Amino acid sequence: MKIDILVAEIGSTTTIVNAFDVNNNLPIFLGRGVANTTVDSDVNEGLKTAINDLARYLKTSDIEYHEMFASSSAAGGLRVTVHGLVYEMTVRASKEAALNAGANIHLVTAGKLSTRNIEEINKLKPNMIIVAGGTDYGETETALYNMKKILKMALDIPIIYAGNIENQSEIRELFTNENKNHLLKIVDNVYPRVDQLNILPLRRVIYETFEEHIVHAKGMAHITDMVNQKIMPTPGSVMEATMILYEQLGPIITIDVGGATTDIHSVAEPSDDFKKYLEGEPLQKRTVEGDLGVFINHENVVKLFGDGELEELLNISKEELEEVLKNYTYMPRTQNERNLVYELAKRCTHKALDRHVGDLRRVFTSSGQKIIPEGKDLSCVEYIVLTGGALINLHETEEIVRDYLKRNQTKMMPSRGVKILRDHDYIMASVGVVALKHPNITFELLKKSLRIE
């Protein structure tokens, strides 16, 4: 059987292969295969097993494909450290770009790197380092100092410079003298002027650099033997899918509740009432809550409930709750387990939205009380998309969002009339990478998954 597009999602534990038929620009989702990830040996082994599983589902003996894309979060995903000049300016801009590209940020520093910072970088063993600092034709010293310090560490990883353009020539010379030009990427300043974020060039180069260097990760050496199209970080793929929906539908939020993290992606301009207060807020924003997950991090989430609260919500005794938690797996089998996952997903969603969405603050001034917006304004959002295993596989998870909208009157969220869509085919993490080459096909696939007429 010949398939037009396969997309492999290579996770730390599971590899999924989704199949799509383009069908004269009327694409359809054919099905998926699943296998254990084999990153400890050769990731292609798990890929082949997942394709065989897909073949069984499609009732065919053999699968051939025209294009295979891939997203990966295996081996810890894309581990990045970010170093800039002022936290609320260049550091924040670089951090936003890295998060939007799907990076897992393990260290953020502002100002000149200290001895302790250097020790932390060595201990973290990042896949990539981003250095910024200074608006264009502004401060130059800090970024140069940090680059020299990082070069002395002799790390064999890509280093991206996204700071003051005045430093570009000197930084190229530094890398030339050290014979490390192959590790250096230079992009436009991520913060060229005060309150202007320029994150798209950095995001594109992060994608490219991830694709170039993914083959160096454990078990990934031969990934391009099978994958003949783009490779990108899995969370970046979700953001790309969200961007495609924004371009076609308008302001949007994607909520992705997973086993280990809860990610919120939003693409929206602030409302006219708040624009003057929120200069410098990015159009696209992604936050990753590494402590909020319904499986690997479920113990963290359970602790967020008050004494006896979870038992009351589930209508079970303390002993019954302890029994459920003792036998807890990522695939709920009983009604009590399904109810538990629902409450965990609800708490993850609400906490993650609290951290992602801006607030309306009451401020008392000499001329009286004023309401001042702070953070990301999502009051103009028209669509909220639910993805991730917990939100997709459980019933009535749309009520989780409706409940948040009803309870949080000071958060800059949309009205209760917002449209809540479910990623029924569970493909957002796949089709985002396809969007890099086939944006129109991607939107058609998303329309079907979200049941948009």
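Details
- For region 64-81, residues that are out of contact with any strand residue (DSSP E or B) (no Cβ under 6 Å at 6 or more places or on another chain) and under 26 Å from residue 445 (Cα atoms) total 1.
- Looking across region 109-131 at every residue that is within 22 Å of residue 77 (Cα to Cα), aliphatic (A, V, I, L, M) and modelled with pLDDT of 95 or more, the one that is surrounded by the fewest Cβ atoms within 10 Å (Cβ to Cβ) is identified as 118.
- Those residues of region 18-47 which are at negative phi and without any contact (Cβ under 8 Å) to a residue 12 or more places away in the chain, in sequence order: 45
- Filtering region 247-306 to residues that are under 17 Å from residue 355 (Cα atoms), of a type in the set (Gly, Ala, Ser) and touching a helix residue (DSSP H, G or I) at 6+ places or on another chain (Cβ under 9 Å) leaves 258, 266, 268, 293.
- Scan of region 408-418 for residues that are out of contact with any Gly (no Cβ under 8 Å at 6 or more places or on another chain) and within 19 Å of residue 374 (Cα to Cα), ordered by number: 408, 409, 410, 413, 414, 415
- The residues listed here are 109, 135, 142; of these, the one that is part of a loop (DSSP other than H, G, I, E, B), farther than 24 Å from residue 218 by Cα and either of a type outside the set (S, T, N, Q) or in contact (Cβ under 8 Å) with a residue 24 or more places away in the chain (or both) is 135.
- First in region 220-232 and in contact (Cβ under 8 Å) with a residue 12 or more places away in the chain and on the phi < 0 side of the Ramachandran plot, second anywhere and among the acidic types (Asp, Glu) and part of a helix (DSSP H, G or I), Cβ under 9 Å, 6 or more apart: 230/211; 231/211; 232/211; 232/240
- Restricting attention to region 301-317, the residues that are assigned to a helix (DSSP H, G or I) and exposed (fewer than 15 other Cβ atoms within 10 Å of the Cβ) add up to 2.
- Residue, nearest to residue 426 (Cα to Cα), within region 227-251, restricted to residues that are in a strand (DSSP E or B) and out of contact with any Ser or Thr (no Cβ under 6 Å at 6 or more places or on another chain): 233
- Of the strands (runs of 3 or more DSSP E) lying entirely inside region 1-93, those carrying at least 2 residues that are under 24 Å from the mean Cα position of the chain (by Cα) and under 30 Å from residue 195 (Cα atoms) are 79-84.
Quick grid of which residues meet (1) surrounded by 11 or more Cβ atoms within 10 Å (Cβ to Cβ); (2) among the aromatic types (Phe, Trp, Tyr); (3) in contact with a Cys (Cβ under 9 Å, 6 or more places away or on another chain); (4) free of Cβ contacts under 8 Å to residues at least 60 places away in the same chain:
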site	(1), (2), (3), (4)
367	no, no, no, yes
376	yes, no, no, no
390	yes, no, yes, no
408	yes, no, no, yes
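- Looking only at region 227-257, and only at residues there that are closer than 19 Å to residue 209 by Cβ and out of contact with any Asp or Glu (no Cβ under 7 Å at 6 or more places or on another chain), the one that is surrounded by the most Cβ atoms within 10 Å (Cβ to Cβ): 237
- Test: residue in region 330-353 that is assigned to a loop (DSSP other than H, G, I, E, B) and closer than 24 Å to residue 77 by Cβ: yes
- Residue 260 being modelled with pLDDT under 90 and either surrounded by 15 or more Cβ atoms within 10 Å (Cβ to Cβ) or under 30 Å from residue 363 (Cα atoms) (or both): yes
Per-residue answers, yes or no, for (1) surrounded by fewer than 17 Cβ atoms within 10 Å (Cβ to Cβ); (2) over 15 Å from residue 91 (Cβ atoms); (3) aliphatic (A, V, I, L, M):
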position	(1), (2), (3)
148	yes, yes, no
152	yes, yes, no
156	yes, yes, no
164	no, no, no
169	yes, yes, no
184	no, yes, yes
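- For the criterion of being under 30 Å from residue 199 (Cα atoms) and polar (S, T, N, Q), residue 329 fails.
- All conditions in (1) assigned to a strand (DSSP E or B); (2) not assigned by TED's automatic domain parsing to the domain that holds residue 95 hold for residue 260, with the sole exception of (1).
- Candidate set from region 349-379 (those that are out of contact with any strand residue (DSSP E or B) (no Cβ under 7 Å at 6 or more places or on another chain) and hydroxyl-bearing (Ser, Thr, Tyr)); member that is nearest to residue 276 (Cα to Cα): 379
The values are calculated or read from the model by the stated rules, or taken from the named source; none is laboratory data. No experiment lies behind these values; they were computed from the predicted model shown. When we count neighbours, we look across all protein chains shown, and the Cβ atoms used for this are built from the backbone with ideal geometry, even at glycine.
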